[in-house]
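Take a look at the structure below.
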Amino acid sequence: MMDAHLVLQILVAAIAAGTPFVYAALGELVTEKSGVLNLGVEGMMLVGAITGFIAMAKTNSLALAVLAGMGSGAAMAALFGVLTLTLMANQVASGLALTIFGVGLSAFLGLNYTNIALPGVPELHIPLLSDIPVLGPLFFSHDILVYGSIALFVAVSWFLYRTRPGLILRGIGEAPRSAHALGYNVILIRYLAVLFGGAMAGMGGVYLSVAYTPMWVEGMVAGRGWVSLALVVFATWRPARVMAGAYLFGGITIAQFHVQGLGIEIPSQLLSMLPYIATIIVLVFISRDQNTIRLNSPASLGMTYHPENQ
Amino acid sequence: MRSRKSILTLLISLACVAGLVLTAQAADKLKVGFVYISPIGDAGWTHQHDLGRQAMEKNLAGKVETKYIENVPEGPEAERVIRDLAKSGYDLIFTTSFGYMNPTLKVAKMFPKKYFEHATGYKLAKNVGTYMCRFYEGRYLSGIIAGSMTKSNTLGYVAAFPIPEVIRGINAFTLGARSVNPKAEVKVIWVNSWFDPGKEREATEALISQGADVVTHHTDSTAPVLTAEEKGKYAIAYHSDMSKYGPKAQLTAVMHLYDKFYTKTAQAVLDHTWKPEAVWTGIKEGSIKLAPINPVVPKDVIAKVDQARQGIIDGTFHPFQGPIKDQSGKEVVAAGKHLSDKELLGMNYYVEGVLGSVPK
Amino acid sequence: MFVKIEPRPEPSRVMRYCSPLLAALLMLISGLVIFTLLGKDPGQAFYAFFVEPVNDLYGIGELFIKAAPLMLIGTGLAIGFRASIWNIGAEGQLTLGAICGGCVAIYFQHSDGWYVLPLMMLAGAAGGTFWAAIPAWLRTRFNANEILVSLMLNYVAILLLALLVHGPLRDPNGYGFPQSILFSDSAILPILFEGTRLHAGVLIALAGVFIGWILLEKSFIGYQIQVAGLARKAASYAGFKYTKLIWIGMLAGGLAAGIAGVVEISGPIGQLIDSISPGYGYAAIIVAFVGRLHPGGIFLSSLLMALLYLGGESGQMNLDLPSAVTGIFQGLLLFYLLAADFLIDYRLRWARPAREVA
């Protein structure tokens, strides 16, 4: 049964399953590159998911659903931003509070929408390209949100590594005081990075509730926000590695079912553990050498910036 | 003066009596509580229980007052909720999930004058009864349809937990399918959750990509039916009629109906004739019904379903009647015999035709 | 006229005590607003949420049952948090504690001895400590960020519990459901007061808070932790080894969480099932912060958090309020606290913009 056709189907499904990770992790990557650790990804994804779902259910417009999800994710991130950037609160505690609040808020908003099914987002059919055997279904027959995530990857990579604002953002993540001395508004740029991260987390949630499942269930993000946080570390803060890791993690989540169907007897829980254990291993590898970690992670990540201590 | 006073007294006494009678009537209203494991939603296990509750309320209008609490997790939280219901004057409480068994028994001990009914459980007490539907009867009938409609001879089953109730359903479905199509095989994927649309969808997709062209499920959301509709395959829904979600895909649904049981039980409490029993009812008593069959199913298949159904109702046919072989080929039920209720309740093996093995 | 943010010359002692109260007050006010927006009578809703759950002995017992794991874990976590050691893995550590304690209970299911419960507690403590030792070791040896490692291990622990409860630890007579045997009486915590579910685990939690207080406020280690949290360099000049503090900080949280896990399964739950905690490990973090990382404050904030949990259920029962409201309140409480804490180190000043001199 393990023929090429099945492998292809698994790969296609892995790309779809990995897409929420792509959105959320790339957003968090930008946030962390500026030096801010936002642990609230799970909460932001959930709120994005429910607002996008409600928008879609009420207006049947994907564009509005996307806007709603991004907007609400950014709004949640703004709360976090005020706490950590203006009121200089502890980033870890604030992020956790955001998650817990987001879980409760999304469940609350979604009360009347449980177990309602939406029509979903159709797969794009690109003439000629979609019909190529193998490559067609693999690359050219996904829905528009999947392609959006790939566009996001291109945009983020280009922004961070090929533009001046991107360089400034990375500089702020490495050495905020020096950046301040050079005249850059550290707090403002971090705000923008945090808001962007929230909007993208919201996007990841919208994809789940409007395209992937497409239903709303309390807590449906089911830990993907935490996995996205892990993914950023796993990818050593590089966008291309985030993409690869996202599809890998997505593949693992669906692999457990295929493995069962094929009669291979590995407990599904073991398979589900793999992304987390893999992340720990990578983290250890990149952290043990001072130089490796310095090269790869933003130096000021998680540290509260006090503007008056110049 | 005197007569006015006595008229006044008479009027006041009449008012008191009227008030007493009214409050007595209000006090006579039976308060019935329901504890649900998941949200009521549009379809699924809890939705069917709630339909039963609403029917009971309508049938016994004026005599009962109901309340439900949804999304109650199994464990200590359940105990608190059940106890709160009992404390607040609910005299008949239905706890609708297997995992509520121990909490129900604990609270029942604390409130010996109240009545408790535990769905799908197996422990009775002086004031605790259990109830369950013979889902497997509907499963068998749906298997006939699935076995007839499959072209790939692979049927997919998205299942929650490997408990006897679920295994029984898988076996009945398989037996029904192979009674019309001996080449049909059933592939099972366990999602380890009663309600997880994301996982249910992924499992359904995996089954379809591995060749299944008819899928069914023993989980609580509409995801399997939705996925089948999207992929152009067939589906057999469970718990509720889900044709709204899969108009082309749904061949039929194995529906759970609780209206008769809930009405009967509440009436028994009102009449003071309630007894703790292990109630197990099926098609004959109206607890299980097939949803209207999709018109694409040929008439001769429908005839076979009707024939089997009639046999179940008049007792001449039992879905688990012999000869039945298990996966190793050993005969577990001889011709002319059928499995007893006790054997059904403890079922932990697959029959021939199910692929894979029961998770240990 | 605009508002200027000014650092205080020294942290305000008044605000240090007032900020949790201010946060709680703001949360209550928000609650009244939320209730009104939901179309409920605010007074009635307030009563149902905050008063009704504890207006009888049983309710007070329930409050302490819910608060016990929170105060115990919160105290353990506070020990690490004071030194800026962020153990986010309490949820996983309590799960490991439950697994180890549960294994002991299952192993001794046929015995009647007094030793079963203490052995379970030891096993649980060991399990939780072990699970916290992993991030501690990875941090001290490889400099791996303990926030992320402990977080990832939460998920591994929960999956491990599910794996065991579906397989090796499953009750053979349980019809295949993912649960262990019901623990025998020797493995169940005794009830303290008739008519409640109040069990001895509450005493263990209180003892834990007390021990934590002694450690933090009265011992030299506590002093070292405090200094390390405030000024890392000063601590190392004074000769306090930071690696030692990392170990103590992480293991304290793990130990406390492990014991809390055993208390849960040998108390209200009475067996091993696949979900033994409604997020106590994460809620305890909030409890620790709202309690200002001080055992006394943690005791009080754990009661408040427990009330929020109970209120959510009571609200559902009596007012048709959705249970999701609890999470909203908990998040708001921490938000307000973090915001109010700002006023400890900073103050707001009204200032006039500078005028142009003509």
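With +1 on each Lys and Arg Cβ and -1 on each Asp and Glu Cβ, how big is the dipole of the protein assembly as shown about its Cα centre, in debye rounded to the nearest 20? Working shown, then result.
Details: 77 positive and 68 negative charges, 338 e Å.
With only Lys, Arg, Asp and Glu charged at Cβ, the dipole is about 1620 debye.
Can you return the lysines within cross-link range of residue C:233? Criterion is Cα-Cα under 30 Å, with same-chain partners fewer than 8 residues away left out.
Here the lysines satisfying the reach criterion relative to residue C:233 are A:33, C:218, C:241, C:244.
Would you mind giving the mean number of other chain beta-carbons within 10 Å of the Cβ of each residue in B:181-193, as a whole number? Present the calculation step by step, with values, prior to reporting the outcome.
Working: counts 0, 0, 0, 0, 0, 0, 5, 2, 7, 5, 4, 10, 2.
The per-residue average across the peptide is 3.
Among A:85-94, B:232-241, A:203-212, how do they line up from the highest to the lowest mean number of other beta-carbon atoms within 10 Å? Spell out each step's value before the answer.
Values: A:85-94: 21.5, B:232-241: 24.6, A:203-212: 30.7.
Put in order of decreasing packing, that is A:203-212, B:232-241, A:85-94.
Per-residue ellipticity at 222 nm for chain B, helices alone: DSSP H runs ≥ 4 residues times -39500 (n - 2.57), over residue total, nearest 500 deg cm²/dmol? Provide the component values of the computation, followed by the final result.
Details: 11 runs with 150 residues, N = 360.
Result for chain B, helices only: -13500 deg cm²/dmol.
Averaged across orientations, what area in nm² does the convex hull of the alpha carbons in region A:120-230 project? Working shown, then result.
On the way: hull surface 37.6 nm².
Taking the Cα atoms of region A:120-230, their convex hull projects to 9.4 nm² on average.
Summing both sides, how much accessible area is buried between C and B? Use a 1.4 Å probe and give Å² to the nearest 100.
Looking at C and B, the buried total is near 2400 Å².
Show that you can apply the helix-only estimate: for chain A, add -39,500 (n - 2.57) for every DSSP H stretch of four or more residues, divide by all residues, and state [θ] at 222 nm to the nearest 500. All intermediate terms of the calculation are to be shown ahead of the outcome.
Numbers: 13 runs with 212 residues, N = 310.
Rounded to the nearest 500, the figure is -23000 deg cm²/dmol.
Which FRET efficiency value, to the nearest 0.05, is calculated for residue C:210 and residue C:173 with the Förster distance at 35 angstrom and r the Cβ-Cβ distance? Mind dumping the intermediate values first?
On the way: r = 41 Å, r/R0 = 1.18.
Efficiency at R0 = 35 Å is approximately 0.25.
From the Cα trace of the protein assembly as shown, what convex hull volume per residue do you get, rounded to a whole Å³?
On the way: hull volume 237.2 nm³, N = 1028.
In the protein assembly as shown, the Cα convex hull volume per residue is 231 Å³.
If each of residue A:288 and residue C:109 carries a label point 7 Å out from its Cα toward its Cβ, how far apart are those two points in nm?
Here the modelled spin labels are 4.2 nm apart.
Considering amide H positions built from the backbone, and no H for Pro or chain starts, which residues 5 or more places from residue B:93, or on another chain, come under 5 Å of its amide H?
B:33, B:115, B:116, B:117
Would you list, by chain and number, the aspartates and glutamates whose Cα falls below 15 Å from the Cα of residue B:231, excluding same-chain residues fewer than 8 positions away?
Straight-distance partners of residue B:231: A:123, A:143, B:200, B:202, B:205, B:213.
Once phi is turned into ³J(HN,Hα) by the Karplus curve 6.51 cos²θ - 1.76 cosθ + 1.60 with θ = phi - 60°, what whole-Hz value does each residue of region C:211-222 show in order, with x for glycine and proline?
4, x, 4, 4, 4, 6, 9, 10, 10, 5, 4, x
Show me the helices of chain A, taken as full DSSP H stretches, that run 24 Å or more along their long axis by Cα and average 0.0 or above in Kyte-Doolittle hydropathy.
Values: long enough: A:4-33 (40 Å, 1.25); A:41-59 (26 Å, 1.32); A:62-81 (28 Å, 1.81); A:91-109 (26 Å, 1.69); A:144-162 (26 Å, 1.69); A:186-206 (30 Å, 1.77); A:239-261 (33 Å, 0.70); A:268-287 (30 Å, 1.93).
Helices passing the filter in chain A: A:4-33, A:41-59, A:62-81, A:91-109, A:144-162, A:186-206, A:239-261, A:268-287.
If you find the alpha carbon centre of region C:225-294 and of region C:95-170, how far apart are they in angstrom?
15
Would you list the P(r) distribution for region B:215-327, with all Cα-Cα distances sorted into 5 Å bins from 0 and each bin expressed as a whole %?
With 5 Å bins starting at 0, P(r) equals 2, 10, 15, 16, 17, 16, 12, 7, 4, 1, 0.
Quick one: what are the phi-derived ³J(HN,Hα) couplings along region B:123-131, Karplus 6.51/-1.76/1.60 with θ = phi - 60°, whole Hz, x for glycine and proline?
Each residue of region B:123-131 in turn: 10, 9, 8, 4, 10, 10, x, 10, 8 Hz.
Evaluate 2.2 N^0.38 Å with N set to the residue count of region A:12-113, then give the Cα radius of gyration divided by it. Let's see the in-between values first.
Values: Rg = 14.2 Å, N = 102, 2.2 N^0.38 = 12.8 Å.
Normalised Rg, Cα atoms only: 1.12.
Averaged over its residues, how many other protein chain Cβ atoms are within 10 Å of peptide A:250-258's Cβ atoms? Before the final figure, lay out each step's value.
Values: counts 0, 0, 0, 3, 7, 2, 8, 15, 8.
If you average over the peptide's residues, the count of other-chain Cβ atoms is 5.
Residues with amide H under 5 Å of residue C:346's amide H, sequence separation 5 or more or different chain, H placed in the peptide plane at 1.01 Å from N; which?
The list, which skips near neighbours in sequence, is C:8.
Using the beta-carbon distance between residue C:231 and residue C:25 and R0 = 41 Å, what value does 1/(1 + (r/R0)^6) give for FRET efficiency, to the nearest 0.05?
Numbers: r = 32 Å, r/R0 = 0.79.
With a Förster radius of 41 Å, E is 0.80.
In peptide A:103-114, what is the residue-averaged number of other protein chain Cβ atoms found within 10 Å of each Cβ? Could you put the intermediate results ahead of the total?
Numbers: counts 7, 12, 6, 3, 8, 10, 2, 3, 6, 2, 2, 11.
Neighbouring Cβ atoms belonging to other protein chains average 6 per residue here.
In the protein assembly as shown, what percent of the accessible surface is made up of carbon and sulfur (1.4 Å probe, ligands and nucleic acids excluded)?
On the way: 26090 of 41000 Å².
In the protein assembly as shown, the share of accessible area belonging to carbon and sulfur is 64 percent.
From the cross-link list B:31/B:275; A:58/C:40; B:151/B:337; B:67/B:244; B:304/B:342; B:29/B:113, which pairs have alpha carbons spaced over 20 Å apart? Walk me through the numbers before you get to the answer.
Working: B:31/B:275 18 Å; A:58/C:40 25 Å; B:151/B:337 32 Å; B:67/B:244 28 Å; B:304/B:342 28 Å; B:29/B:113 16 Å.
Among B:31/B:275; A:58/C:40; B:151/B:337; B:67/B:244; B:304/B:342; B:29/B:113, the Cα-Cα distance tops 20 Å for A:58/C:40; B:151/B:337; B:67/B:244; B:304/B:342.
Please grab the % of Cα pairs in region C:199-319 that end up more than 19 Å from each other.
On the way: 4131 of 7260 pairs.
The calculated P(r) of region C:199-319 puts 57 percent of pairs beyond 19 Å.
List the accessible area buried at the contact between C and A, summed over both sides and calculated with a 1.4 Å probe, in Å² to the nearest 100.
On the way: alone 17730 and 14400 Å², together 28430 Å².
Rounded to the nearest hundred, the buried surface is 3700 Å².
Using only the Cα atoms, what convex hull volume per residue in Å³ does chain C have? Please list the in-between numbers first.
Working: hull volume 64.5 nm³, N = 358.
Normalising the Cα hull of chain C by residue number yields 180 Å³.
Excluding ligands and nucleic acids, what accessible area in Å² is computed for residue B:193 using a 1.4 Å probe, to the nearest 10?
20
At the nearest 100 Å², what buried accessible area, both sides summed, do you get for B and A when the probe is 1.4 Å? It would help to have the intermediate numbers written out before the result.
Numbers: alone 17170 and 14400 Å², together 29360 Å².
Interface between B and A: roughly 2200 Å².
May I ask you to find the residues of region B:314-352 that are shielded by at least 10 Å² of accessible area once the whole protein assembly is considered instead of their isolated chain (probe 1.4 Å)?
In region B:314-352, residues shielded by partner chains: B:345.
Quick one: 3J(HN,Hα) in Hz for region C:238-247, Karplus 6.51/-1.76/1.60 with θ = phi - 60°, rounded, Gly and Pro as x.
6, x, 7, 7, 5, 4, 4, 5, 4, 4
If one puts a single equal scatterer on every Cα of region C:83-123 and applies the Debye formula without solvent, what log₁₀ I(q)/I(0) results at q = 0.21, 0.23, 0.34 Å⁻¹?
One equal scatterer on each Cα of region C:83-123 leads to -0.65, -0.72, -1.09.
Name the residue farthest towards the positive end of the dipole of region C:1-105 from the options C:94, C:78, C:29, assuming +1 on Cβ of Lys and Arg, -1 on Cβ of Asp and Glu, about the Cα centre.
C:78
Excluding residues on the same chain fewer than 8 positions from residue B:264, give the aspartates and glutamates whose Cα lies under 19 Å from its Cα.
Result set, ordered by chain and number: B:28, B:50, B:57, B:65, B:91, B:117, B:277, B:285.
Just the number please: accessible area per residue for the protein assembly as shown, 1.4 Å probe, all protein chains included, in Å².
Details: 41000 Å² over 1028 residues.
In whole numbers, the protein assembly as shown has 40 Å² accessible per residue.
In whole Å, what is the distance between the alpha-carbon centres of region C:1-51 and region B:270-291?
53
Using modelled amide H (1.01 Å from N, peptide plane; none on Pro or chain starts), what sits under 5 Å from the amide H of residue B:152, excluding residues fewer than 5 places away?
Those lying under 5 Å, H to H, from residue B:152 are B:213.
The values are calculated or read from the model by the stated rules, or taken from the named source; none is laboratory data. As the structure is a prediction and not an experimental result, all values here were calculated from the model. We place every Cβ from the backbone using ideal geometry, glycine too, and count neighbours over all the protein chains shown. Surface areas here come from the heavy atoms of the whole protein model, side chains and all, with no ligands, DNA or RNA. Shrake-Rupley method; radii C 1.70, N 1.55, O 1.52, S 1.80 Å.
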